Amino acid sequence: MRREASARLFARAARILPGGVNSPVRAFKAVEGPPLFIDRGEGAYLVDVDGNRFVDHVLSWGPLILGHAHPAVVSALHRASMRGTSYGAPCEAEVELATEIRERMPALEMIRMVNSGTEAVMSALRLARAFTGRSRIVKFEGCYHGHADPMLVRSGSGVATLALPDSPGVPEGSVADTLLARFNDASSVEDLFDEHPDGIAAVIVEPVAGNMGLVLPHADFLPRLRALTERHGALLVFDEVMTGFRVGAGGAQGRYGVRPDLTTLGKVIGGGLPVGALGGRADIMEMLAPSGPVYQAGTLSGNPLAMEAGLATLRKLALPGTWARLETQGRRTAEILRAEADAAAVAMQIVNVGSMFGLFFAEAEVCDWTAAAACDRAMFSRFFRGMLENGVYLAPSPFEAGFVSTAHGDAELERLADAARAALGTARRVSRTD
Ligand code: PLP
């Protein structure tokens, strides 16, 4: 595979962008080698600047559920941009997108649009603290909620990839009110409520964890979080930035039938443009300025291009049969990986929900961060490189989820199977000679 043009651009980038990238996981540090510089995306494929073509299972880290450059999104953007790219004043598309979201997630009685998932979480936590008059927040080890200071404690995603348990520059004071619990262990949350009976404002959770690899909630985990938060007067915040409209037509809250007080969204609802949103109970949301005293604002919030891309995406997803096709594609992707791992006699745990999948090189099911962190990272790195060599682009880290889109079909499944067969064969041979 030719990598010269990417390598040249990376060398140039490294002289002007820290680490050569604008977001850490893109740098391929966990898997070695320079990152690919992308020339274009076409449906289920990415084409890099050397002309290599890959089946894309990253899909911009989740947003591109219709694949790259879907005609409905491109033409919505074209139409919208002809009318101006930003107004800094209200427009109809903001109301339309909020309405479409609420139809799919009725728990979001009111919604505020922002520009990223990080911003959505930051604002949701401020709101939860203001509403409850309490300051402590419970988060789970291995869950990632963006890079706002109070959430940079035992985060997954890039923080885990780079082995940074937290970050320099985050003052102790700003994480002093962050309490840590174990994913899939509601009793660890109960213990925290016992220790801080009237101090916890909110429990924030990725209802399906997608930033320590993909980890599904056990059947009683989310219902118990709901019951515990209710009993102790704290808010339950579902961070559905990744799972929102990825694990089902109503997000994780629809799939698992648990109604949170607040929800954060991003990724899919912006159709590939920068967007985030927070929403939830009207009595809480009404505390946001200008209805209430909790300050939150944004120059580009509700940007018309982002709103139109999101609307086009959600409307396409609502067409009959679309969800069933995505579910099938996700399930078959997992089945293929499982079959190839079995054939190669490699211990690999494959997880799938909706249009997301995940894999761990581990002997037993992975239910929390301790187990995820213990997976065989060197094996993942070899597998990743093998997949790339064979034309499949996975997230360059063992602690990320994989995605499929409506543009993925049988041809991409075949390429996945061929690539996995080759990559697992090589990865296993190397591990035996290590
Ligand atoms: N929350 C979750 C669950 C995420 O997966 C992410 C990003 O991957 C974020 C928050 C942060 O979103 P953003 O990168 O848009 O700031």
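Descriptive notes on the structure:
- Under the condition of being over 21 Å from the mean Cα position of the chain (by Cα) and open to solvent by 40 Å² or more (accessible area, probe 1.4 Å), the residues counted in the stretch 50-76 number 5.
- The residues of the stretch 175-189 that are within 11 Å of ARG224 (Cβ to Cβ) and surrounded by fewer than 17 Cβ atoms within 10 Å (Cβ to Cβ) amount to a single one, SER187.
- Residues being in contact with a helix residue (DSSP H, G or I) (Cβ under 7 Å, 6 or more places away or on another chain) and either in a loop (DSSP other than H, G, I, E, B) or at pLDDT below 95 (or both) - total across the stretch 73-83: 0
- For GLU308, the conditions (1) more than 27 Å from ALA201 (Cβ to Cβ); (2) in a loop (DSSP other than H, G, I, E, B) all hold with the exception of (2).
- Number of positions in the stretch 190-207 that are assigned to a loop (DSSP other than H, G, I, E, B), open to solvent by 10 Å² or more (accessible area, probe 1.4 Å) and in contact with a strand residue (DSSP E or B) (Cβ under 8 Å, 6 or more places away or on another chain): 2
- Of all residue pairs spaced 6 or more apart or on separate chains, none has beta-carbon atoms under 7 Å together with a first member in the stretch 104-133 that is on the phi > 0 side of the Ramachandran plot and a second member that is open to solvent by 70 Å² or more (accessible area, probe 1.4 Å) and within 13 Å of the ligand (Cβ to nearest atom).
- Of the helices (runs of 4 or more DSSP H) entirely within the stretch 208-299, those holding at least 3 residues that are of a type outside the set (D, E, K, R), within 22 Å of ALA324 (Cα to Cα) and away from the ligand (no atom under 13 Å from the Cβ) occupy 251-256.
- Filter result for GLN253 (in contact with a Pro (Cβ under 8 Å, 6 or more places away or on another chain) and either open to solvent by less than 40 Å² (accessible area, probe 1.4 Å) or not hydrophobic (A, V, I, L, M, F, W, C) (or both)): yes
- Of the residues making up the stretch 93-130, those that are part of a loop (DSSP other than H, G, I, E, B), surrounded by fewer than 24 Cβ atoms within 10 Å (Cβ to Cβ) and within 16 Å of the ligand (Cβ to nearest atom) number 2.
- Considering the conditions (1) surrounded by fewer than 18 Cβ atoms within 10 Å (Cβ to Cβ); (2) more than 19 Å from SER301 (Cα to Cα); (3) modelled with pLDDT of 95 or more, LEU164 is excluded by exactly one of them, (3).
The values are calculated or read from the model by the stated rules, or taken from the named source; none is laboratory data. Because the structure is predicted, anything quoted here is derived from the model rather than measured. So basically every Cβ, Gly included, is an ideal-geometry build from the backbone, and we count neighbours across all protein chains shown. Please note that ligands, DNA and RNA were not included when accessible areas were found on the heavy atoms of the full protein model with its side chains. Shrake-Rupley method; radii C 1.70, N 1.55, O 1.52, S 1.80 Å.
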